[in-house]
Amino acid sequence: MTALLKLDRVSVRFGGLAAVTDVTMAFSPGSLTGLIGPNGAGKTTLLNAISGFTAITSGHIAMNEIDLSPLSAAERARLGVVRGFQTVRLLERETVFDNVLVGCERLPQPGLLGQLLALPPERRCRARDLAATETTLRDLGLLPIAHRRVDELPFASRRLTEIARLLVVRPTVLLLDEPAAGLDTRDRRALVESIRTYHEAGGLTTIIIEHDIELVRRLCPYSVALDMGRIIASGSPNEVLSEPAVQQAYFGVRSGA
Amino acid sequence: MRLVPDLAVPHRPFQRAAGRRHGALFSAVALTAAWLAIPVLLGQYEVFIAAQVMIYAVATLGLDIVYGRAGQLSLAHASFFGLGAYTAALSGPLGIPLWVQPELVVLLAIAGGIIVAVPTLRLSGLRLALVTLLFGELFDWAIDHSLALTGGSQGMTVAPMTIGPFNSQGTVDAYLLASIIALGATLLTRQLARSQLGRRMLAVRDSELASASLGVPIVHTKITAFILSAVFAGAAGWVYAYVVGFVSPTTFNLFASVYFLVAVILGGAGRITGAWLGSAYIVLVPEVFNLVGYPNLFPVLGGGVLIAIALFLPGGLVEGAALIRAQLGLHRR
Amino acid sequence: MGFRSVLTCFGTGSLMVLAMLAVAGPAGAAGCNPNEKSPGVTATTVRLGATMPLTGSAAAGGLGAGAGAKAYYAMVNAAGGVHGHKIDFTLLDDEYSPAAAERQMRVLIERDHVFAIAGGEGTPNFLAVVPLIEREGVPAIGPYAPSSELGTMKTPHVFMTAVNYITEFAIMTRYVRESDYARSFSLVGVQGNVGDDAKAGMEQGIGNPSIKVDYIPEIPGTPDFTPIATQLRRENAEWTFLILTNTDTGELLEAMHRIGYNPRTAAWAGMNDPGYIKAFGPVSQDMIVAEETAALDSSDPLVQQFVTQFTKETERAPGKFEELGWVQAELVVKALQDAKALTRSCLMDSLEQIRDFKTGLLPPITFGPDRRQGVNAVGLVQIKGGKVVEIVPFRALD
Amino acid sequence: MPAAALADAAQVTLSGLATGGLYAVLMLGVILVFQVSKNINFAYGQTGMVGVFLSYFLYAVAGIPVVAALLAGLALALLVASLTDRLIIRNIPAREGFDLVVTLGELLLLTSLAQLAFGTNAQSYLKLLTNWTTVRGGVFINANDILCLLLGIAVTLGGHIVLTRTSLGTSLRASAADAAIAKSAGINVLGLRTAVWTVSGLLAWVAASLFAARLSVNAFYMTPIVINVFIAGMIGGLDRYWPPMIAAFTIALYQSWAIYLFGEAAGTPAVFILVILLLSLVPKRYLEERHEARA
């Protein structure tokens, strides 16, 4: 099976600092990859490079043979490469429903006048978006709080709202940056279940950065470990974690801290 | 359990609570009654003031789009208001026919909006505020230095707009004219809030990073917000000039722009009711101070209100009212 | 729904408003109609109004003139009023701002329904309200708003006693030409109508098209006068004429002094003011200043009478601005007294009958059926050692 | 070039540099405040203005001795500056542009309060050497111009030395870079912040006093000046030191030349054109403000 997303010798430098060096990876359609590594390993930078938030210094990133490098983050998102953030960023003064509805951006929308004058195409699109949002909310169990303002909700619901916003239109590549951070065990479990079911049903390609090794073990059939901006191991989570380099990177760093 | 939305299958549209519908109907009836009562019950001057509230509401809704919704601080809003006003004022001397003027106002506002927006797209925060401020200063300067045409700082008289028996400087006629654009602007803003365009603006305001990750075209959204706000302000200014019959630069200077900000923030950024409340404040409160003989206290209050609201009630009056309702338990779900 | 049907559903209130607008059209000199219904008159009172700058950069003028007018009305009311009507005088603050003046004039006319506009202080703020006054057909009597835009039958409701700046500067320039044989002139003036009028007056006073006036327009409140001073020094005229606000005049003279340019100077009547002379006397030494109202220490018995009466009313001594407000009120009361009835048309008619009305404070006032400029003369004074010395008494152009 | 034109050129340059010196005094306050609190204070100029108006009022109207009047004015400026931070800036919610909006409110408040309390005119304020003039080669050299220029240079160099050579400067730069780390290193971040805001009040008052001697004064007189200083800051970048300080001098020089060459009317559009040109031509990298923290 040909790879959906290909990274070919990707490097990112900030001034003199090499954040990511010569990373080559391939993600097949429907794969679910855990990205692990100690703090500062370059995981988020790699995610930023794929989603277009950081320009790469050298190398190539391609999806379905389309070169992503010249495209802005928004353009990549419209191609279906979407991401979540470590810190949840929502429309703070709006409801859960409106927050998820805004995710319909990636569906074709009518022009300025069409939207402002509520012309028939706008009515059709709105009905379509409302339906998609409602379904997503129901699937993720958010429907009971759909009309609550997000700034008055607990963190877990906010995190779930953000994920719902990414999923309301089916992405091609879903990038999540520590989605479980700050959640308690019960919420983590629910989150893992949601991601897994969505992933299986939708056949989307998912890359998750996660510190919680257990979560990666449970969720991801495949994982990649980064340290100092380089790939140090890849394979099933258990294989990766037993690699001496990973042990060194993780526990070496941890004991040194 | 089917978890992935299947767009091919039609879904039941999402229904809002039925109670809201009744509330909306009730407010519509009440507002219509008030609208009819004002010219019947109140005197000539009070009707004129009511028309002013409506005109300023249109401009405030405009600032609410660019600042309240898209989060772009514009200190040139009064200049766009002035752009419309001077279009009306100069149409007489320049012989621009009435039917061309609305299109001209819209075109000028679009051009002005783009001129302000484009260099500022690379900027945010302080730099954006300063460039818009400078644009406002440039507008003032242009008026001051085109004496022969505009009368400079002395201002100029605007001939009324007359269509058959309609005369824009007649009290009831002015009230009607202001009502028409106020209704139009309010409906447009309401539709904007319901549309993806409106949500894009909120997304750009709250986080440009998150917006980009959702595929929101940030530059496009900002320009659209600037243009819409300029068109609203321009239209309001155009009607303002015809209704008041006199324009001079002080109505459109930096302080006027700050008053519009006061209106948006006091009422509640991103809320239509808020823009109306804010407009009522900036038109009616000076009248009250004038009535009791202390017209100069209004700017003091304006400054104080801006600080107090930003510190203690950042959501403005609308959110404050919602908080009180929640406290009283009237709105339990 | 057509426009008319919308109107009918509003009921009678709005129809009355419309009717009022129809009545109020351009009145002109239609003669005295004693049966006309005029607003602002009750059995015992007649309501008058004015806007003046009571705050802001020109507040001194408005506060003084307002006090002068109020003192005169108080005196008249104490003596029983005009034909048994007490004068109810409303004075509103226009901040010297055209926009504020327009708003306040609307309050006077549309909310307070005044009978007539009595006086005023300041040109840009008054010019802003003229269209409203003309549209509503309200007589406006003696505002201090020197301008060539006013004082003609283009604005038939406005009766001017302020000499316009064309006349003022023509008289002043002619004197300078005659006494000093001056050959080169520059002018710094408030941009717009005011500066343009002064320039036209200077050209008229020079009477020689080959002598040009170097004119630099100024925006009130210019922060730094060094560029203008430098430009003046480059032109290097023998005489520099000034028509700026008092502070700006002083600041400009100081800037000129700083860069070592000290021509002879002449300025409009505003510099004939103790506050100005106290602040800027030294840089204004020998400056020639127009005199629009009589000197308060004049030996004219009418002036002495004013000083005595004002002091009695207010228990303080009057200044120039108080004098101005007083004489505005005096003219208003004279017109009301002479009116055959308290209607607007009869007030207009009475004003048009005024011939050679001597107040002592202003040159004699004369109006006519097609004459709205009541005064055409100024005197000249000179600032010397912090004092004002009269050099030419009131004189007309020809 | 004829001698007269040369003299004019020297005159214009001198007066521009003198204004630039005062811009630099103000700019130092803006930079310091921005570095410790990442804020811009639109009411910055008005902070100095209220001090000047109070001392004018006490001296010229109430007849209080000049030194006491000046000290009272200075005290008011310091108080307003530090309270702006303590009461307002530290308490505003993190919403888009609220720091700008709130100081705009303060601008309005201080301006209108000053108008109410002191009237609009504070004419014939202290001369501060403006009445001392000497002629050198056809150029009229005003002692106040020299004073402003020297003061600007002194403040610029002094600011540089304090920031780079003293432990105070190290603490300042540390809290500018990361307040949390600075705090853990034992720096009294809040105290430092209050001190910086107070110093900004001092600088505003000094510049406002000198401008009051040079300019026609009303309650708004500091507003266009501060706008020019902010523009210089925008061009130079407020997280740097030398570029904004040099921009302060340059913009004043530029504006006085524009006015000399094209007349009074050219002042405003000249600055606008400069800003638009710079914004379109300068590489985007230079304009980038610090982005939202780590994604």
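Bear in mind these aren't lab numbers, they're just calculated from the coordinates by the rules spelled out. Small disclaimer: the values here were computed from a predicted structure and weren't measured. Virtual Cβ from ideal backbone geometry, glycine too; neighbours counted across all protein chains shown.
Per-structure values
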| item | result |
| --- | --- |
| Residue mean of other protein chain beta carbons inside 10 Å, B:188-195 | 4 |
| Helix-only [θ]222 nm of chain B, DSSP H runs n ≥ 4, -39500 (n - 2.57) each, per residue, nearest 500 | -24000 deg cm²/dmol |
| When each of C:320/C:387; C:86/C:334; C:312/C:340; C:37/C:340; C:199/D:127 is checked by Cα-Cα distance, pairs over 21 Å | C:312/C:340; C:199/D:127 |
| Net +/- balance of residues flanking residue B:240 in space, Cβ distance below 14 Å, scoring K and R +1, D and E -1 | +1 |
| Relative packing of peptides C:118-125, D:273-280 - highest average C-beta neighbours within 10 Å first | C:118-125, D:273-280 |
| Antiparallel bridges, percent of DSSP beta bridges restricted to chain C (to nearest 5) | 30 percent |
| Test item: Cα-centred dipole of chain C, Lys/Arg +1 and Asp/Glu -1 on Cβ, debye | 540 debye |
| Dipole of chain D [Lys/Arg +1, Asp/Glu -1 at C-beta], most positive-end residue of D:108, D:34, D:179 | D:179 |
| 5 angstrom amide H check on residue C:144, placed H, neighbours 5+ away | C:120, C:121, C:122 |
| Max mean-square fluctuation residue, GNM over chain A, Cα-Cα springs under 10 Å, options A:224, A:102, A:20 | A:102 |
| Full-extension gain in nm, residue C:353 to residue C:315, via 0.36 nm per residue minus C-alpha separation | 10.2 nm |
| Interchain or long-range residues, amide H under 5 Å from residue A:19's placed H | A:12, A:13, A:14 |
| Cα-based shape type of chain D, given that a ≥ b ≥ c are square roots of the gyration tensor eigenvalues and the cut on a/c is 1.5 | oblate |
| Value at 222 nm in deg cm²/dmol, rounded to 500, when DSSP H runs of n ≥ 4 in chain A each add -39,500 (n - 2.57) | -10500 deg cm²/dmol |
| Protection-proxy order for peptides A:82-93, A:231-242, D:78-89, B:238-249, each taking the mean of Cβ atoms within 10 Å per residue, highest first | B:238-249, A:82-93, D:78-89, A:231-242 |
| Calculated FRET efficiency for the pair residue A:62/residue A:217, C-beta based, R₀ 35 Å, to 0.05 | 0.70 |
| Long-range amide H partners of residue C:360 with built H, under 5 Å | none |
| Rounded to 10°, Cα long-axis angle of helix C:226-235 versus longest principal axis of chain C | 60 degrees |
| Relative contact order of chain D, pairs being alpha-carbon contacts under 8 Å that are 6 or more residues apart, as % | 36 percent |
| Estimated vicinal HN-Hα couplings, Hz - region D:157-164 in sequence order (Karplus 6.51, -1.76, 1.60; Gly, Pro = x) | 5, x, x, 4, 5, 4, 5, 9 |
| The protein assembly as shown, dipole about Cα centre (Lys/Arg Cβ +1, Asp/Glu Cβ -1), debye to the nearest 20 | 3840 debye |
| Peptide C:230-243, shielding by other chains (average Cβ, 10 Å cutoff) | 2 |
| Cα-centred dipole magnitude for region B:42-265, charges only on beta-carbon of K, R (+1) and D, E (-1), debye, nearest 20 | 720 debye |
| Helix-only CD estimate at 222 nm, as mean residue ellipticity for chain D, using -39500 (n - 2.57) per DSSP H run (n ≥ 4) | -23500 deg cm²/dmol |
| Listed residues C:165, C:128, B:142: farthest to the positive end of the dipole of the protein assembly as shown (Cβ charges) | B:142 |
| Simple label model, 7 Å out from Cα along Cβ direction - residue B:322 to residue B:294, nm | 3.4 nm |
